[in-house]
Amino acid sequence: MAYYTDNSKFDKITNPSAVWGNEYGPGDAVPASGIYRCIGCKKEITSNFGDKFPPQNHHQHPVQTGAVRWKMNVWTNTEGK
Ligand SMILES: [Zn+2]
């Protein structure tokens, strides 16, 4: 999980869009800038809107953990709103 020092600096989203619930694979387009967590191993990455998620060889899982799939953990406010 991402770490923070003061959660009052974060806004909890009450009506999450599909960006939060969708899973993304290696090489998929990043839908929004933020921190993404691998569902299988909990490794986190930061990715920017318009870039692509890391390629398949970014990291490996044991067979039982399944494929690398990314899910949004923190949506960064890059517009300063
Ligand atoms: Zn992983």
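One table, with the values for the structure above:
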{"item": "Options Trp75, Pro62, Ala32, ranked by Cα towards positive dipole end of the chain, top entry (Cβ charges)", "result": "Pro62"}
{"item": "Simple Cβ-charge dipole of the chain, Lys/Arg +1 and Asp/Glu -1, about Cα centre, in debye nearest 20", "result": "160 debye"}
{"item": "Among Thr14, Thr46, Thr65, residue whose mean-square fluctuation peaks in a GNM of the chain (springs only between Cα atoms under 10 Å)", "result": "Thr14"}
{"item": "Residue with peak Gaussian network fluctuation, the chain [Cα springs, cutoff 10 Å], from Ile13, Ile35, Ile45", "result": "Ile13"}
{"item": "Cut-off 12 Å between beta-carbons: net charge of the residues surrounding Ser47, Lys and Arg +1, Asp and Glu -1", "result": "0"}
{"item": "Sites Lys42 and Asn77, calculated FRET efficiency, Cβ-Cβ separation with R0 25 Å, nearest 0.05", "result": "0.60"}
{"item": "Partners for Lys81 among lysines (Cα-Cα distance below 24 Å; same-chain residues under 8 apart left out)", "result": "Lys9, Lys12, Lys71"}
{"item": "Convex hull of Cα atoms in the chain, direction-averaged projection (nm²)", "result": "6.0 nm²"}
{"item": "Qualifying chymotrypsin sites (Phe, Trp or Tyr not before Pro) for the chain [loop in DSSP, other Cβ within 10 Å: at most 14]", "result": "Tyr3, Tyr4, Phe10, Phe49"}
{"item": "Gaussian network model of the chain, Cα within-10 Å springs - most flexible of Lys71, Lys12, Lys52", "result": "Lys12"}
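Any read-out appearing in this document is the output of simple, stated calculations on the displayed coordinates, not a laboratory observation. No experiment lies behind these values; they were computed from the predicted model shown. Every residue, glycine among them, receives a Cβ derived from its backbone with ideal geometry; neighbour counts consider all protein chains shown.
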